[in-house]
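The values are calculated or read from the model by the stated rules, or taken from the named source; none is laboratory data. Model, not experiment: these values are computed from the prediction. Cβ placement follows ideal geometry from the backbone for every residue including glycine, while neighbour counts extend to all protein chains displayed.
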Amino acid sequence: MTSFLWLVALVVGGIGGALNAVLSDHARLLPSIVTLTPGGTRVVRVGIVGNIVTGAMVALCLFWAIQGAGSTLNANGGLGLVLLGLSNLFISFVSARWVTNEVDKLVLRKAVFKAASAPAAHPDTVDQMALAPPYALYTLADRLLPRRTGHR
């Protein structure tokens, strides 16, 4: 029964990570590397796969800690299994959320820097920026900067 519980912890952790990916605008399937500055500041947007792996690893570590603490999980007690599943789901969701928030925080800092160094924006662009998720805000701020045209 213990291997079944490990499998349940793994699946529930993956579900928590996937839930975070969808809710935090990291709904791309695979991780992607985004270059934020010409000097080379790069961040990894972990995507759905990265969030699932993060959630599953955290859930497995939590389950391992519960097992290591000497807690005996009663396989016949459905309430204990439900509570374990819900706690794994919550903790894996929060852990995956922490990873994506760190990336979003860096993206937002760079977006604010770009927006502050750009000339005045059109009011519609400012309205879009007020409601945009972090990476979309960064791309909007990047489009505000004037570009050099090629010399011939």
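Looking at segment 120-147, which of its residues are in a helix (DSSP H, G or I), hydrophobic (A, V, I, L, M, F, W, C) and in contact with a Leu (Cβ under 8 Å, 6 or more places away or on another chain)?
Listed by number, the residues that qualify are M129, L137.
From the list G40, G85, G78, exactly one residue is under 17 Å from L7 (Cα atoms), out of contact with any helix residue (DSSP H, G or I) (no Cβ under 9 Å at 6 or more places or on another chain) and at pLDDT below 75. Which is it?
G78
If I ask for residues that are surrounded by fewer than 14 Cβ atoms within 10 Å (Cβ to Cβ) and either of a type in the set (A, V, I, L, M) or out of contact with any Leu (no Cβ under 9 Å at 6 or more places or on another chain) (or both), which ones from segment 1-10 would you list?
Of everything in segment 1-10, those that are surrounded by fewer than 14 Cβ atoms within 10 Å (Cβ to Cβ) and either of a type in the set (A, V, I, L, M) or out of contact with any Leu (no Cβ under 9 Å at 6 or more places or on another chain) (or both) turn out to be M1, S3, F4, L7.
Would you call L140 modelled with pLDDT of 70 or more, out of contact with any strand residue (DSSP E or B) (no Cβ under 7 Å at 6 or more places or on another chain) and of a type in the set (A, V, I, L, M)?
So L140 passes the test.
In segment 30-58, which residues are touching a Gly at 6+ places or on another chain (Cβ under 6 Å), among the hydrophobic types (A, V, I, L, M, F, W, C) and either assigned to a loop (DSSP other than H, G, I, E, B) or within 19 Å of L108 (Cβ to Cβ) (or both)?
Matches in segment 30-58: L30 only.
Out of the residues in segment 15-37 that are more than 18 Å from F90 (Cα to Cα) and surrounded by fewer than 15 Cβ atoms within 10 Å (Cβ to Cβ), state the one that is modelled with the highest pLDDT.
Top of the filtered list is L30.
Inside segment 85-102, can you point out the residues that are touching a residue at least 12 places away in the same chain (Cβ under 8 Å) and not β-branched (V, I, T)?
Answer for segment 85-102, where residues must be touching a residue at least 12 places away in the same chain (Cβ under 8 Å) and not β-branched (V, I, T): G85, S87, N88, L89, F90, S92, F93, S95, A96, R97, N101.
Kindly provide the set of residues from segment 104-119 that are of a type in the set (A, V, I, L, M) and either modelled with pLDDT of 80 or more or in contact with a Leu (Cβ under 9 Å, 6 or more places away or on another chain) (or both), ordered by number.
L106, V107, L108, A111, V112, A115, A118
Which of the residues spanning segment 43-75 are polar (S, T, N, Q) and at pLDDT below 75?
Q67, S71, T72, N74 - these are the residues of segment 43-75 that are polar (S, T, N, Q) and at pLDDT below 75.
Filter segment 133-149 down to residues that are closer than 22 Å to S24 by Cα and surrounded by fewer than 17 Cβ atoms within 10 Å (Cβ to Cβ) and give me whichever is nearest to the chain's Cα centre (by Cα).
Checked segment 133-149; the qualifying residue nearest to the chain's Cα centre (by Cα) is P133.
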